[in-house]
Every structure is written in C-alpha cells, then in structure tokens.
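A.B. asks: Take a look at the following structure, please.
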Amino acid sequence: MEQKIVFSGVQPSGELTIGNYIGAIKNWIELQDKYTCYYSIVDLHAITVPQVPKDLRKNTLDLLAIYLACGLDPEKSTIFIQSHVPAHLELTWVLNSISYMGQLSRMTQFKEKSQRSEENLNAALFTYPVLMAADILLYQTDLVPVGEDQKQHVELARDLAERFNNRYSETFKVPEPLIKKEGARIMSLQNPEKKMSKSDDNQNGYILILDDPDTIRRKVKRAVTDSKGEVKYNDEQLGIRNLMNIYSVFSGNTIEEIENKYDGLGYGDFKEDVAEVIIKELYPIQEKYNELINNKDYLEKVYSEGREKAEYVAMKTLRKVYRKVGFIQR
Ligand code: ATP
Ligand code: LTN
C-alpha cells in the first residue's frame, strides 16, 4: 500500500507563538516517520499583507531554522520555500478559474483580515485560499495537519479538487484536514475568548517559541484567570481551561490527571508549573535554533534540496492538469 501524503505550511510573517507550535509544527514531527511529508514556508501567502522585504527574507530563514530546531528532519520530509516552486502559482491560476467569488468571500479569515485593513484590500488576500488549495493539491495530499482556524480553507481545497475532477476527470486526491483535539485552538493569555495570535497588539497575550524563561514565567503569571480558585476544566473558567490545555500538551498529562494533581492547590502553584513545562520543552529548541541560524550554508542546502524534490512532484501534477485543461504541451 502506498504511504499517505501530508502537506502543511506556516507563513514567515513574524515570530511564531506556542499556538503555531502546538496547533501545527509539533504535530508535523510525529507524522514524519509514518507518512511522506511536505512542509513548506509559505512566503507567497505572507505578502497578502504588507511586508518589509528585508524582514521577509529574515523571517523566511528564521522559520526554516525553527522548523529544523523543532525536529523536522530533511532526511525524512521535504522542506522547501513555496516561492521556489512556481507550479504553486500556475495551479492557482487554473483553480481560480473554477473558484466562485461567493464562496471566497465567505471565508472567515478573509472577512476578518479585510475588516482589519480596509484601505489595503488587495486581490491576493481574496484568492489566498485558492493558493493554499494549490499547495495542497499539487502533492496529491491525503492529510493536512493544521489548527482549527484553517479547517474552512482545507474544505475549500476539497471542493476545488472535486469540482476539477468532475469537470475534467479524476486528477486530484481529495485531502482531509488533520486537527488534533487538544491544542487545536490555543487562546490568548490576556483574552481567553480570542485565538492566540502573533499579530496581537498585546505581547502578554502570546508566548513566542523564542521567548526566554523569565519572559515566559512573567507572561504565564499575568495570564487572565477567574476568582474561583480551582483548577477545573469547564466552560466557565476559560483562562484556566486554556492553561490546562497548554500544560497537557507540554507535559503529556491528561486533563483528569491535571485536575487531580492540583486539587486543593491555588492558581499560583499551577501557573508556576505551566511556565516550567513550557520552558523545559522550548529550551532545547531555542539552543538548536541559535546554532542553526548562524549556519546559512546548511540552511541553503536544506531548502535547495527541498525545492528539487518538491518541484519534481509538483510538476507531475501540473502537467496532468495543463493537459486536461487543453493547454498544448510546452
Ligand atoms: P496571524 O496571527 O498573523 O494571523 P497565525 O499566528 O494564525 O498568524 P499562521 O501562519 O496563520 O499563524 O498559522 C500557522 C499554523 O498555526 C496554522 O496551521 C494555524 O492553524 C496554526 N495556529 C495559529 N494560531 C493557532 C492557535 N492559537 N492555536 C492553534 N493553532 C494555531
Ligand atoms: N493558510 C495557512 C498557511 C498555509 C497552509 C497551506 C497550511 C498556506 N498553505 C497549505 C496548510 C496547507 C495559514 O495561514 N496558517
């Protein structure tokens, strides 16, 4: 039986939070041993909001170093930069031709981001999910490990795959989202009703993968909780529930185990331990990152080899698509 195919990506649009780590990258690591995995740094997606060119360059290499520091292994997975494989854009154009304006304008992320930047409502922000569909479909992907917020986009990719297959005959595999229950949606430490996000104005709302131990301790200490004083998992104590989710992912303890462990203890003890499990997991990642980021030659080797492997597979699908659409072979 053929191995299943996995595709995912993160935008190099700034420093990563533990939300990105828990919702996406951490899950990618375990998939490497079982599946054929493609992990991309999706720089084409990043320019849907204004970027400073030199920052984008830096963030792209930073993100590659983070991928590797977190445990992505170029011997096991194909790791590449999206803009290095032009087939992503070529397929996007074809998929644009079967995408409905109505469906794209109902995408939650588009609605949110377009409200935020009304004076700069560019066309790329609108077709962003079509590019994401192209990313996924080019590799005949079975599984797309993402956080909850990306589910709608993966569903669009499924729709487009089915629509193309119906119109032109079987071409694409129809992918499925892979969303872990725990950690699918890590919330802001300052407002547990809002997703933890690297673009939050309030820095205390998020913890970055590269935050130092004291910063992590301070941010967890300041995390918004409630006046109940009990470490219990329910809908009324959203702040505590979020911290319990984070603790659970980093410690491997179940929610019940955590409830039992902190029965009768206050939030102070619990928060201290939350900070420590985060630091314990992030510390080796940060050490590895510091080593890698100074080794530009190695990073270049990784993304060049990744590009070659990705391009080979992507071109196979693109040629098929072009032929079915009626383009004359180049
Ligand atoms: P921004 O805040 O700038 O919109 P982001 O932090 O949401 O960006 P993305 O690059 O859009 O980051 O997301 C990368 C991956 O991380 C996606 O798979 C997304 O689902 C996941 N992710 C982002 N935030 C969270 C979160 N708070 N909890 C769980 N997963 C998340
Ligand atoms: N849109 C995603 C990033 C992304 C992605 C993808 C994720 C771009 N292409 C393909 C999975 C598969 C985001 O904003 N997090």
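The values are calculated or read from the model by the stated rules, or taken from the named source; none is laboratory data. Values in this document were obtained by computation on a predicted structure and should not be read as measured data. Don't worry about glycine lacking a Cβ; one is built from the backbone with ideal geometry, like all the others, and counts go over all protein chains shown.
A.B. asks: Residue 97 versus (1) away from ligand 1 (no atom under 16 Å from the Cβ); (2) small (Gly, Ala, Ser); (3) surrounded by 22 or more Cβ atoms within 10 Å (Cβ to Cβ): which is the lone unmet condition?
C.D. replies: Against the list (1) away from ligand 1 (no atom under 16 Å from the Cβ); (2) small (Gly, Ala, Ser); (3) surrounded by 22 or more Cβ atoms within 10 Å (Cβ to Cβ), residue 97 comes up short only on (3).
A.B. asks: Considering only residues of the stretch 136-162 that are under 18 Å from residue 110 (Cα atoms) and of a type in the set (Asp, Glu), which is nearest to ligand 1 (Cβ to nearest atom)?
C.D. replies: 149
A.B. asks: Select from the stretch 202-240 the residues that are closer than 16 Å to residue 277 by Cα and basic (Lys, Arg) and write down the one among them that is surrounded by the fewest Cβ atoms within 10 Å (Cβ to Cβ).
C.D. replies: 218
A.B. asks: Here is a check on your reading of the model: is residue 288 in contact (Cβ under 8 Å) with a residue 40 or more places away in the chain, within 30 Å of residue 169 (Cβ to Cβ) and of a type outside the set (A, V, I, L, M)?
C.D. replies: Answer is no for this residue.
A.B. asks: A further question follows. Go through the stretch 14-34 and count every residue that is surrounded by 21 or more Cβ atoms within 10 Å (Cβ to Cβ) and more than 14 Å from ligand 2 (Cβ to nearest atom).
C.D. replies: Residues that pass the stated criteria total 1.
A.B. asks: Among what's in the stretch 177-201 and is of a type in the set (A, V, I, L, M, F, W, C) and in a loop (DSSP other than H, G, I, E, B), pick the residue that is surrounded by the fewest Cβ atoms within 10 Å (Cβ to Cβ). Spell out the reasoning first.
C.D. replies: The initial filter retains those residues of the stretch 177-201 that are of a type in the set (A, V, I, L, M, F, W, C), namely 178-179, 184, 186-187, 189, 196.
Then keep just the ones that are in a loop (DSSP other than H, G, I, E, B); that gives 179, 184, 186, 189, 196.
Details: 179: 19, 184: 17, 186: 26, 189: 25, 196: 25.
Selected residue: 184.
A.B. asks: Taking the stretch 1-13 as the search range and keeping residues that are assigned to a loop (DSSP other than H, G, I, E, B) and touching a strand residue (DSSP E or B) at 6+ places or on another chain (Cβ under 9 Å), which one is farthest from ligand 1 (Cβ to nearest atom)?
C.D. replies: This residue is 2.
A.B. asks: Further question on the same structure: Just wondering, is there one or more residues in the stretch 191-206 that are more than 10 Å from ligand 1 (Cβ to nearest atom), aliphatic (A, V, I, L, M) and closer than 23 Å to residue 146 by Cα?
C.D. replies: Within the stretch 191-206, none of the residues are more than 10 Å from ligand 1 (Cβ to nearest atom), aliphatic (A, V, I, L, M) and closer than 23 Å to residue 146 by Cα.
A.B. asks: Turning to a different aspect of this structure: Just to be sure before I move on: is residue 194 touching an Asp or Glu at 6+ places or on another chain (Cβ under 9 Å) and away from ligand 2 (no atom under 16 Å from the Cβ) in the structure I sent?
C.D. replies: Against the criterion (touching an Asp or Glu at 6+ places or on another chain (Cβ under 9 Å) and away from ligand 2 (no atom under 16 Å from the Cβ)), residue 194 qualifies.
A.B. asks: Would you tally the residues in the stretch 14-27 being more than 8 Å from ligand 1 (Cβ to nearest atom) and more than 19 Å from residue 37 (Cβ to Cβ)?
C.D. replies: Total satisfying the criteria: 2.
A.B. asks: Quick one: in the stretch 75-130, which of the residues that are assigned to a helix (DSSP H, G or I) and charged (D, E, K, R) is modelled with the highest pLDDT?
C.D. replies: Restricting to residues being assigned to a helix (DSSP H, G or I) and charged (D, E, K, R), the top hit is 90.
A.B. asks: Another one. When the residues of the stretch 134-176 are narrowed to those that are near ligand 2 (Cβ under 10 Å from one of its atoms) and in a loop (DSSP other than H, G, I, E, B), which ends up nearest to residue 316 (Cα to Cα)?
C.D. replies: 139
A.B. asks: Could you say which residue among 275, 310 is at pLDDT 95 or above, in contact with a strand residue (DSSP E or B) (Cβ under 7 Å, 6 or more places away or on another chain) and buried (at least 18 other Cβ atoms within 10 Å of the Cβ)?
C.D. replies: Sole residue among the options that is at pLDDT 95 or above, in contact with a strand residue (DSSP E or B) (Cβ under 7 Å, 6 or more places away or on another chain) and buried (at least 18 other Cβ atoms within 10 Å of the Cβ): 310.
A.B. asks: Something else now. Let me spell it out: the conditions are (1) assigned to a helix (DSSP H, G or I); (2) surrounded by fewer than 13 Cβ atoms within 10 Å (Cβ to Cβ), and residue 316 meets all of them except one. Which number is the exception?
C.D. replies: (2)
A.B. asks: What's the number of the only condition in (1) within 16 Å of ligand 1 (Cβ to nearest atom); (2) surrounded by 21 or more Cβ atoms within 10 Å (Cβ to Cβ); (3) more than 30 Å from residue 324 (Cα to Cα) that residue 69 fails to meet?
C.D. replies: Result: residue 69 fails condition (1) only.
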